[in-house]
Amino acid sequence: MQVGDRQIVVAADAEALARLAAQRLIARIALHHDRPAICLTGGSGPQRMFELLATEFEDRIPWAQVHWFISDERVVSFDDPLSNMGTAKRALLDGRAPAANIHAIPASNGADPDEVARRYERELQEFYRAATLDPARPLFDLVLGGVGPDGHTASLFPGWPQLLIADRWTAGVDHAHVEPFVPRVTLTFPALASCSEMLFLLHGAGKRGIAERVFAGEDLPAGRARSNGETVWLITEDALPETIRDR
């Protein structure tokens, strides 16, 4: 179904959501045979999808061609359980993706978030081969997204100044709005928007309340996030707001 400029895809449960997400990711890779770029997300939302991509769907990914990025990172070492890319590497990328194709945010314990953000922005620009984003030429084929309990996405938190950044691809975040309360580095709205598809993953009854707030038009970061291409919300039945269900 279509709600404004968002496409809503409803999955029966978390397992169906993970399978649909994996299939959409694989389909985006197939559309870009040169060097597909996938921007992963942290949190619990993509974990089952990672498992499927690493097992059942492993042979459907041209690992040598695909480049992997991350939408945000906690400023901790990669072996820390809090590390988003560290988790993705252990669950999916290690032993499959070439090391040169894994574009982790260069975070480490005690690092300055702003400096880490600047370093990652340079890496993104080197990959993109330009310092300015062109709406007609996406940086990513697919950006995965989630929604936190306060409506944040990536590490873009409600009311934070990073929401207003229009001239940077990345930003440092001195402290988080929710646990874990550690510094972060995040992609900004312009960088997240530079994709062929932005795919939000929501599952579980606990997400229904925040989904209702987003779709009611409350000014939340997850509600602001849009792709220059397609914006798709993949939602399980138990997370689907009643206001959407009735359409």
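The values are calculated or read from the model by the stated rules, or taken from the named source; none is laboratory data. Just so it is clear, the model here is predicted, and its values are computed rather than measured. Note that each Cβ is placed from the backbone with ideal geometry, even for glycine, and that neighbours are counted across all protein chains shown. Only protein heavy atoms, including side chains, enter the accessible area calculation; ligands, DNA and RNA are left aside. Shrake-Rupley method; radii C 1.70, N 1.55, O 1.52, S 1.80 Å.
Side notes on the structure shown:
- Using C-alpha pairs below 8 Å separated by at least 6 residues, the relative contact order for segment 8-92 is 31 percent.
- Average Cα contact separation per residue, segment 133-177, under 8 Å, 6 or more apart, as relative contact order %: 22 percent
- Across the options Gly223, Leu202, Leu240, the greatest Cα extent toward the positive end of the charge dipole of segment 189-247 (unit charges at beta carbon of Lys, Arg, Asp, Glu) belongs to Gly223.
- Think of a 1.4 Å ball rolled over the protein heavy atoms: segment 69-130 then has 43 Å² of accessible area per residue.
- Dimensionless Rg ratio for the chain, taking C-alpha atoms and the 2.2 N^0.38 Å reference: 0.94
- Surface accessible to a 1.4 Å probe, per residue, for the residues of segment 144-240, Å²: 35 Å²
- What the phi angles of segment 47-53 give under the Karplus curve with 6.51, -1.76 and 1.60, with θ = phi - 60°, is a coupling list of 5, 5, 4, 4, 4, 5, 5 Hz, glycine and proline written as x.
- Distance-filtered residues of segment 1-33 - backbone nitrogen under 14 Å, label point 7 angstrom along Arg245 Cα→Cβ: 10-13
- In the chain, the portion of solvent-accessible area held by carbon and sulfur atoms comes to 51 percent [1.4 Å probe, whole percent, DNA, RNA and ligands not counted].
- For the chain, a crude dipole built from +1 on the beta carbon of Lys and Arg and -1 on the beta carbon of Asp and Glu, taken about the Cα centre, is about 380 debye to the nearest 20.
- Residue-by-residue Karplus 3J(HN,Hα) for segment 58-64, coefficients 6.51, -1.76, 1.60, Hz, glycine and proline x: 4, 6, 8, 10, x, 4, 5
- A DSSP coil position with no more than 13 other Cβ atoms inside 10 Å describes the following chymotrypsin sites (Phe, Trp or Tyr not before Pro) in segment 137-216: Phe181.
- Taking the Cα centre of segment 97-166 as origin and assigning +1 to Lys and Arg Cβ atoms and -1 to Asp and Glu Cβ atoms, the resulting dipole is close to 140 debye.
- Antiparallel bridge percentage (DSSP; both residues within segment 83-227; nearest 5): 55 percent
- Note on Ala91 and Ser108: their simple-model spin labels are 2.6 nm apart, each label 7 Å out from Cα toward Cβ.
- Between the C-alpha center of segment 149-218 and that of segment 1-27 there is a gap of 19 Å.
- This model, with +1 at the C-beta of Lys and Arg and -1 at the C-beta of Asp and Glu, gives segment 131-228 a dipole about its Cα centre of some 100 debye.
- Taking all protein chains as they are arranged and a probe of 1.4 Å, the heavy atoms of Leu220 leave approximately 10 Å² accessible to solvent.
- Cα centroid separation - segment 74-117 against segment 32-46, whole Å: 14 Å
- Dividing the Cα radius of gyration of segment 1-66 by its Kirkwood radius returns 0.99 for Rg/Rh.
- For segment 142-184, the residues whose amide N sits under 15 Å from a probe point set 7 Å from the Cα of Gln65 along the beta carbon direction are 142.
- Global form of segment 72-208, assessed from the alpha-carbon gyration tensor, a/c cut-off 1.5: rounded
- Trypsin sites (Lys or Arg not before Pro) within segment 121-210, DSSP loop, no more than 11 other Cβ atoms inside 10 Å: Arg129
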